[in-house]
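Readers should treat all values here as calculations from the given coordinates under stated rules, not as data from a laboratory. A quick note: this is a predicted structure, and the numbers were derived from the prediction, not measured. Cβ placement follows ideal geometry from the backbone for every residue including glycine, while neighbour counts extend to all protein chains displayed.
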Amino acid sequence: MQQLIYFFQKYKVFLFFLLLEFIAIALTINNYNFHKSKIVGSANFVTGGMLKTYSDFSDYLHLKSQNKDLVQENVYLKNLVEKIRFSNDSIIENTVVDSLYRQKFKYLKAKIINNNYSNQFNFITIDKGEGNGVAKEMGVVNGKGIIGIVDYATNKYARVQSILNKNSKINARFKNSSHFGTLTWDGKDYNIVQLTDIPRQAVYKKGDTIITGGKSTIFPEGINIGTIVKVPAQNTASNTLDIKLFNDMSNINYVYVINNLEKEEIKSVENITNE
């Protein structure tokens, strides 16, 4: 203890200088956006590399689980191919040829290297960034359903605002009708999210499937979200439904980042002002 006191006495001027330097740097970063963005970018680069190394080791220990997920997704994709083949046959038979074949969404595979799901405002880190074509406001999904929305990207990595984030608001609808609402999260159970702003005339029951509504430029319509597990006792103007996610958000690995190739054109139309 005596040596510790002697140390502080001997180097008190130098330690005080370091404290002032730290305060000056903190004030600079906090008050100037340029410095803040540079520090955040550098921190993401360093922590991203460390998280990727840890993630690679963790993946090796969970190969069996990953293979099971890949097999399940392959089954889903095979069924989807058959549905598309049937739809195309019907189109050809009815001699309808238009822009249905034009690609609207492009999918990029990415790997989750960090996943938070136990906080109120959760984020996910993926190993793809601006250098791979990832940008802000791109949707992120996997074979079971939606994961979140990209909210920040560096050259090699991107941060995804998880659906388990109290700021998350995603357009969603009932699979068996056109009525839609807003998907949110109350910050409690990572398996359960909430569907709010539901029209009073909407008809639903426990077990009904909820999918993306397609009313934004982020997610295509029809991506799975989950099923209704709790409905209100009375039908009111402020109905809230509990939705059990198809995804286990504590056990997700590979994802797809969705790029809407027509996003800018849609936004340019919506942003036209009347003169």
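Mind giving me the FRET efficiency for LYS106 and HIS179? R0 is 22 Å, r the Cβ-Cβ distance, nearest 0.05 is fine. Each step should come with its number before you reach the end.
Details: r = 30 Å, r/R0 = 1.34.
Plugging the Cβ-Cβ distance into 1/(1 + (r/R0)^6) gives 0.15.
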- prompt: What net charge is computed for the residues neighbouring ASP186, neighbours being all others with C-beta under 14 Å from the C-beta of ASP186, Lys and Arg scored +1, Asp and Glu -1?
  reply: +3
statement: For the pair ASN167 and PHE14, the simple spin-label estimate (label points 7 Å beyond Cα toward Cβ) gives in nm 4.1
query: Going by how many other beta carbons lie within 10 Å of each one, how would you line up PHE17, PHE180, PHE105, PHE123, fewest first?
result: PHE17, PHE105, PHE123, PHE180
query: Using the 10 angstrom Cβ neighbour count as an exposure proxy, how do ASP127, ASP197 rank, fewest first?
result: ASP197, ASP127
Extension gain, GLU265 back to ASP248 (0.36 nm per residue minus Cα-Cα distance, nm): 2.6 nm
- request: State, to one decimal in nm, how far the label point of THR209 lies from the label point of LYS52, with both points 7 Å from Cα in the Cβ direction.
  value: 3.6
- line: Listed with the fewest Cβ neighbours within 10 Å leading, SER162, SER250 appear as SER250, SER162
task: Using the Karplus curve 6.51 cos²θ - 1.76 cosθ + 1.60 with θ = phi - 60°, work out ³J(HN,Hα) for each residue of the stretch 189-199 in order, rounded to whole Hz, and write x for Gly and Pro.
output: 9, 6, 9, 10, 10, 10, 10, 10, 6, 8, x
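Net charge around THR196, counting only other residues with Cβ within less than 12 Å of its Cβ (Lys, Arg = +1; Asp, Glu = -1)? Before the final figure, lay out each step's value.
Values: positive: LYS169; negative: ASP186, ASP197, ASP242.
That sum, taken over residues with Cβ under 12 Å, equals -2.
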